[in-house]
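The values are calculated or read from the model by the stated rules, or taken from the named source; none is laboratory data. Please read all numbers here as calculations on a predicted model, not as lab measurements. A quick note on method: Cβ atoms are made from the backbone with ideal geometry, for glycine too, and the neighbour counts reach across all protein chains shown. When the accessible area is computed, the model is the full protein with side chains, heavy atoms only, and any ligands, DNA or RNA have been set aside. Shrake-Rupley method; radii C 1.70, N 1.55, O 1.52, S 1.80 Å.
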Amino acid sequence: MANYPCDPYALLPPGMDILPPGPLCAKRGYVVVGGDLPMICDDWTIAVLALEAAAYEFNASVALIEHFLEGKGWGVKISSRCGMGAALIQFNSAAERDAAINTSSHFIGDTVLRFLPQNKGINHRNAVFTHECWLMLVNYPLECWDVDTVVRTMAPFGRFVVWNKDGSNKARILVKIRPFNIDTLPLGIVVLRNNNDLGNGDSWSCPTYILSRTLLGEQGADEDPLPPHDVSPHPMPMGFDDIWAGGHGHGGAATPLQQAEHDQHLEQLVDHVVVLQDLIGTLVANANELLPKLGNSKITAASCKIVDVEGENGMERKCYVKITTRGSIVPAMEAREVIELSDDEVHEIVPKNKRKKKDYAEAGPARRSTKIALKLGGYKDMKSVVAVGFTPQNLKQLRMRKD
């Protein structure tokens, strides 16, 4: 807070007077308005005369100041009374205002004219906010659950930072603020509302608790020194050092840890190449045996696994490949199909979900079956069946099933 003399009577509106303060009045009160203020006043300045003029001489002082500025080529938009100097002056532009401030002081006859920024008058002091803290206000009225209202509630105590709005718990609010003096935070905050012009209102008392406090002002580390001319300040991994070659600098010398990680990475790559070479050699050597087995088949899945096995020269790394195929050849016999053979006729038992085939008119010859042919070597009539080892006596009991 700044202590300086002030004459309020020169600023009173007509018909009003100043009343004495009450016996319980505080000598100072604080309101923290936040970080960014709504008004931009870069073209305003405070004009101060070395010989302070009386309040009734305001018009004469303004005329003197404006005449001087016109002589300099600086235009004036507005001039107003000021409680910290001869007048408040608004220039035509912020550039003219800064020129007037930077070239102060100006000699006018037997007095001296100075210009100050509008926010650097005798009432200005530096304020230090030392902490950030979380506050819990219990029983905060639901009617006030609004960001603007919460900000105004915190204004007398510190700068509002964030409201941790938790809709699942209406019994309290959690607010993070930057108090001007954390040691003066009250044990409770009373929220007041005026309802009407008759003076009626509401009051809600909210117990207030400090949940945490964090000291502000922690500084970062100092700047690192620049590396040598041919070394990048951001070295890349060892495998990419060549990118910076050719006059563009390089990654610089690697540390022992970086070199060890690089060597381990290269060793793993070499092992994988050796394993793949061994796998390709095995496939080529056994191609005559593998290709017929894969003929007329569709590969449905394949997997590869690298394992360490014991070989003639110690532990060796081998690659095992598993290939899953689906053949195009029809199985010999499905369990759901049964064919019964007799001396006179052939009966086929058809599943329920299949349409029954047309019966054969001839009873003597046996029907040629591709599936049985694959199993028995092929036949065309009953003589062929007997020829492959079956007798007429056991043909009735024969049931073909899938293994």
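Tabulated data
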read-out	value
Separation of the Glu312 and Glu57 label points, Cα + 7 Å toward Cβ, nm	11.7 nm
For peptides 62-71, 128-137, sequence by mean Cβ density within 10 Å, most packed first	128-137, 62-71
Under-5 Å amide H pairs with Arg81, H placed in peptide plane, nonlocal only	Leu88
Summed side-chain charge close to Asp42 - residues other than Asp42 whose Cβ falls under 10 Å, Lys, Arg +1, Asp, Glu -1	-1
Amide H contacts of His131 (H built 1.01 Å from N, under 5 Å, at least 5 apart or other chain)	Leu216
Approximate spin-label separation Ala287-Asp197, in nm, with each point projected 7 Å along Cα-to-Cβ	10.4 nm
In Å², nearest 10: area of Arg193 left accessible to a 1.4 Å probe	110 Å²
Whole-Hz couplings from phi, Karplus 6.51/-1.76/1.60, listed for segment 31-46; x for Gly and Pro	9, 9, 8, x, x, 9, 8, x, 9, 10, 10, 6, 9, 9, 8, 9
Simple label model, 7 Å out from Cα along Cβ direction - Ala95 to Ile122, nm	3.4 nm
Relative contact order for segment 32-141, counting Cα pairs under 8 Å that sit 6 or more residues apart, in percent	32 percent
